[in-house]
Amino acid sequence: MEKLFISRDSLKKLLDRLARNLNLVAPVKDPEGIIMFGPVADAGQVLLEYQNSTLPPKSFFFPQTERLFKFSYGQEGMALEDMCGSDKRVLFGVHPCDLKSILSLDPVFAGAYKDPYYINKRENSAIIGLACSNPSPGCFCATFGFGPDDGEGSDIMLTPSGKGFDADVLTDKGQEIVASYKDLFEKAGDSPRIAGETRLTVKKLDLTGIKELLDGNFELEYWNQVFEKCLGCGICTYVCPTCHCFDIYDSSKGGCDGERYRSWDSCMFTHFTMMAGGHNPRPSKKERVRNRFMHKLKYHIDRYGLAGCVGCGRCVKSCPVNIDIRRIISDLGEVSRNGQL
Amino acid sequence: MGNCKCDNPYLPYPATIKEVIDETVDVKSFQMVFDDPEVMESFKQQPGQVAQISIFGVGEATISITSSPTRKGILEFSVKKVGQLTAALHDLGPGSRVGVRGPYGNHFPYEIMKGRDLLFVGGGIGLAPLRSLIDFVLAGENRKEFGKVEIIYGARSVDDLCFKYDILDNWPKYDNTDVYVTIDRADMAWQGHVGFVPSYLEEVKPSPLNKYAITCGPPIMIKFVLQALNKMGFQDGQIITTLEMKMKCGIGKCGRCNIGSKFVCLDGPVFTLSQLKELPPEF
C-alpha cells in the first residue's frame, strides 16, 4: 500500500479531470438540499464533508430499475438482446459504511451463478473512499468492527489531514488512477489524520450474545413488541445499503416485442412471498419484520460470513414510526442476558 | 450498454411448446423443446429440479420439471392454473414460443436411495415433481437398482387426478410396483378408494424398513403425511419432501424464497425431514 497526500486544490483538479475523462459519480446536494450520489460534471459541486447520503451508492451497481434484456419475435424465431454492460466509472467520496455494504453485497451477486449486471459494473468502477469526519447522530458503524476512517472496499481511501487528505492507495485500480494523475499527488506528510478522533464519537453497540440468541430462538416473545407499529411501508429496505431483494417483470406494449426488467423489491410487502395459489409463508407483519432483522443480524452472517448491517443509520432516520435497529440490538442483548426485557 | 460478453444466467433459452395434455380441468402438461438442438442436448436436469418458464411479455415462473431425465429430447412441465403466468401458459398451444432457463435447485437424492424400497405419497398437482423421480426409477436399467416401489396418490375428485395414464395404466404394469389411488369425496364414477391421502397412507401401512418416503402435495396434506410417516416408524432422515416458495431469479439473488438462512432455489427444493426440522417453521 502506498501512502500519498493530496492537497485540497489538487483534489479539486483531480475531480475536474476525472469528471472530464471518465464518468464521475460523487455526493452532491440537490436544490432541495437532499444529499445524493449522482453524476458530476463540475467538481465544485462535490461534497468533501457530508453526513450520509439519503440513498446509498448501491444503485450504481444494482440500479433501482434495470433493463435485463430485450426480446422480439422475428423470422428467425425468438431473439433476445442482452443489455448487460456498463461504462467505466469512478465513484468518489464513499463513506466506510457504504464501502462495507458493497463488500456485503458482493457475495450475493457472485457465487455459483454470477450476476453479470452487478459484476460488470463493479469491475468497471473504481471507488475513492472518503473518511467520514462528521458522523450523524444515527450512525453506529463502530458496532460492526470498523470506524469512520476504515478504507476497506475502496481503491483509494482519503482521510482529512493537515491542509488536504492522506490518500492510501489500496488496489491496482487505485494505483492506475494515481499513475494517470501523478502530478496531483505528493508523499504523505506526518500531519495527524483528523478522522482518528471522529472514530471515538461513533456509537458502538454490544452485539454479544445476539447471534447466539437468534440461532437458538426463531420464536421470541420480543418480536411481538416490535412489529405492531410497523406500517409495512418498506422505506427501511429502500434506503438500506445491503438490501438486495428484487422483482423481475416484463414490459411489453402488446405484440411481440418487449423488455425484461428487475426492480428493487421489499421483504416488508405482503406480496413479496405470496404464492400464486394464495399461500403466504410470511403472512403478517410479525413474520416480515422478524425476517428483516433476522436477515441483518443472522441470516446474512450464516450465509456469507458478513454482517447484514453496516450501521449507516439510514433506516433509523427514515422509519416513520421509529423502529430503530439500534434499539432492537440493545433489546436483544438484554433478552440474551436476562431471558427477557 | 450491452457490451458485456459474459454468461448471463438471466437469459432464457427460446423454446417451443410441442404438445399440450389436458390433465384436469385446471392442470395441463406442456412438452417443450429448445429451439437450439445444442441447448436441448446440454440441458441436463436431475429428478426434482426446477426451471424458470418465460412467456415473453407476461413474465416468468418457477415450475418443477415433471419429466424424467431419462426421457431425452423433451422437457415436460405440469402446471396448475393459479396465477398470471400459469393462466397465460394455459392459453398457449403447440407451436407457441416460450423461454426456459435452468435447471435449478438440488435434486432427489436417488444416489442414496439405490438398493432401497421407495414410497411415494402425492396429492393433486404435487405428483408432478415426484413423477420425475418415479419415471427415473422405473426407466430401463435403472429399475433394478431400486427395490419395491409404492405410490399412494390422491386428489379431490376423479376429475382432479393428474397423470391418469401413469397412475392407472403405465406404472402398475412395472414389476414390484404398487399404485394406490384415492379421492377425497365419493363419486358414482369411481370404484376405488375414497378418503384423504394421509389416512389412506395409514390404511395401506407400508413398512418403514429399508425404505425412503418421498412426498409432495398441498401444505396441509404434507403436514399430516409427515406426521403419519413418523407414527408408522419412518425416521426423519428417511422422509424426503420438496418445497414450494415464491421465486423470481431462481439463482439465490432476489431474496424471497429464504427459509431462515437457506434459499429454497439453491439449497432446496428437496429437503429431508431432518433438514426441515433444523429450519425455522416458516413454510
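Descriptive notes on the structure:
- Failed condition for B:GLN84, given (1) away from every other protein chain (no Cβ under 14 Å); (2) surrounded by fewer than 23 Cβ atoms within 10 Å (Cβ to Cβ); (3) of a type in the set (S, T, N, Q): (1)
- Every listed requirement among (1) under 17 Å from B:GLY48 (Cβ atoms); (2) surrounded by fewer than 16 Cβ atoms within 10 Å (Cβ to Cβ) is met by B:ASP175 save one, (1).
- The combined condition, being in contact with a strand residue (DSSP E or B) (Cβ under 8 Å, 6 or more places away or on another chain), more than 26 Å from B:PRO218 (Cβ to Cβ) and surrounded by fewer than 20 Cβ atoms within 10 Å (Cβ to Cβ), is fulfilled by B:PRO94.
- From the list B:MET245, B:MET188, the lone residue that is within 26 Å of A:PHE218 (Cβ to Cβ) and either assigned to a loop (DSSP other than H, G, I, E, B) or in contact with a Gly (Cβ under 6 Å, 6 or more places away or on another chain) (or both) is B:MET245.
- If you check B:VAL39, B:VAL27 for being at negative phi, of a type in the set (A, V, I, L, M, F, W, C) and in contact with a Lys or Arg (Cβ under 8 Å, 6 or more places away or on another chain), only one passes: B:VAL27.
- Residue match in region B:33-42 (condition: in contact with a helix residue (DSSP H, G or I) (Cβ under 7 Å, 6 or more places away or on another chain), assigned to a strand (DSSP E or B) and over 23 Å from B:LYS211 (Cβ atoms)): yes
- Residue count for region A:205-255, restricted to those that are β-branched (Val, Ile, Thr) and farther than 25 Å from A:LYS58 by Cα: 3
- Subset tally (residues that are facing another protein chain (nearest Cβ under 9 Å) and in contact (Cβ under 8 Å) with a residue 60 or more places away in the chain) for region A:84-116: 3
- Of the strands (runs of 3 or more DSSP E) lying entirely inside region A:72-168, those carrying at least 2 residues that are more than 17 Å from the chain's Cα centre (by Cα), aliphatic (A, V, I, L, M) and modelled with pLDDT under 95 are A:77-82.
- Extreme residue, modelled with the highest pLDDT, among residues of region B:6-34 that are surrounded by fewer than 17 Cβ atoms within 10 Å (Cβ to Cβ) and within 22 Å of A:ILE248 (Cβ to Cβ): B:ASP7
- For the residues A:THR159, A:THR242, the requirement of being touching a residue at least 12 places away in the same chain (Cβ under 8 Å), away from chain B (no Cβ under 14 Å) and of a type in the set (Ser, Thr, Tyr) singles out A:THR159.
- In region B:216-242, residue farthest from the other protein chains (Cβ to nearest Cβ) [restricted to those that are more than 14 Å from the chain's Cα centre (by Cα) and not in a helix (DSSP H, G or I)]: B:GLY233
- Annotation: of all residues in region A:20-47 being in contact with a strand residue (DSSP E or B) (Cβ under 7 Å, 6 or more places away or on another chain) and assigned to a loop (DSSP other than H, G, I, E, B), the one that is surrounded by the fewest Cβ atoms within 10 Å (Cβ to Cβ) is A:ASP30.
- Condition broken by A:GLU81, with the remaining ones in (1) among the charged types (D, E, K, R); (2) buried (at least 16 other Cβ atoms within 10 Å of the Cβ); (3) touching a strand residue (DSSP E or B) at 6+ places or on another chain (Cβ under 7 Å) satisfied: (2)
- Looking only at region B:216-240, and only at residues there that are of a type in the set (Val, Ile, Thr) and closer than 17 Å to A:GLY277 by Cβ, the one that is surrounded by the most Cβ atoms within 10 Å (Cβ to Cβ): B:ILE222
- Identity of the residue in region B:47-72, touching a strand residue (DSSP E or B) at 6+ places or on another chain (Cβ under 7 Å) and in a loop (DSSP other than H, G, I, E, B), that ends up farthest from the other protein chains (Cβ to nearest Cβ): B:SER67
- Test result for A:TYR50, under 30 Å from B:VAL98 (Cα atoms), aromatic (Phe, Trp, Tyr) and at pLDDT below 95: no
- The requirement of being in contact (Cβ under 8 Å) with a residue 40 or more places away in the chain, closer than 28 Å to A:PRO96 by Cβ, surrounded by 18 or more Cβ atoms within 10 Å (Cβ to Cβ) and polar (S, T, N, Q) is not satisfied by A:THR208.
- Region B:78-111, residues that are under 24 Å from A:MET274 (Cβ atoms) and hydroxyl-bearing (Ser, Thr, Tyr): B:SER78, B:THR86, B:TYR104
- Residue that is farthest from the other protein chains (Cβ to nearest Cβ), among those in region A:117-126 that are of a type in the set (D, E, K, R) and out of contact with any Lys or Arg (no Cβ under 8 Å at 6 or more places or on another chain): A:ARG122
- Region B:102-145, residues that are in a strand (DSSP E or B) and at positive phi: B:GLY102
- Test: B:ALA213 is surrounded by fewer than 24 Cβ atoms within 10 Å (Cβ to Cβ) and either within 13 Å of another protein chain (Cβ to nearest Cβ) or of a type in the set (A, V, I, L, M) (or both): no
- Test result for B:LEU92, in contact with a Pro (Cβ under 6 Å, 6 or more places away or on another chain) and of a type in the set (A, V, I, L, M): no
- Selection status of B:GLU38, surrounded by 20 or more Cβ atoms within 10 Å (Cβ to Cβ), over 28 Å from B:PHE263 (Cβ atoms) and more than 14 Å from the chain's Cα centre (by Cα): no
- In region A:48-89, residue nearest to B:TYR13 (Cα to Cα) [restricted to those that are among the aromatic types (Phe, Trp, Tyr) and in contact with a helix residue (DSSP H, G or I) (Cβ under 8 Å, 6 or more places away or on another chain)]: A:PHE62
- Criterion violated by A:SER266 - all others in (1) touching a residue at least 40 places away in the same chain (Cβ under 8 Å); (2) within 11 Å of another protein chain (Cβ to nearest Cβ); (3) small (Gly, Ala, Ser) satisfied: (1)
- Members of region A:212-235 that are closer than 30 Å to B:PRO9 by Cα and away from every other protein chain (no Cβ under 14 Å): A:ILE235
The values are calculated or read from the model by the stated rules, or taken from the named source; none is laboratory data. Note that the coordinates shown come from a computational prediction; the quantities given were computed from them, not determined experimentally. Neighbour counts run over all protein chains shown; Cβ positions are idealised from the backbone, glycine included.
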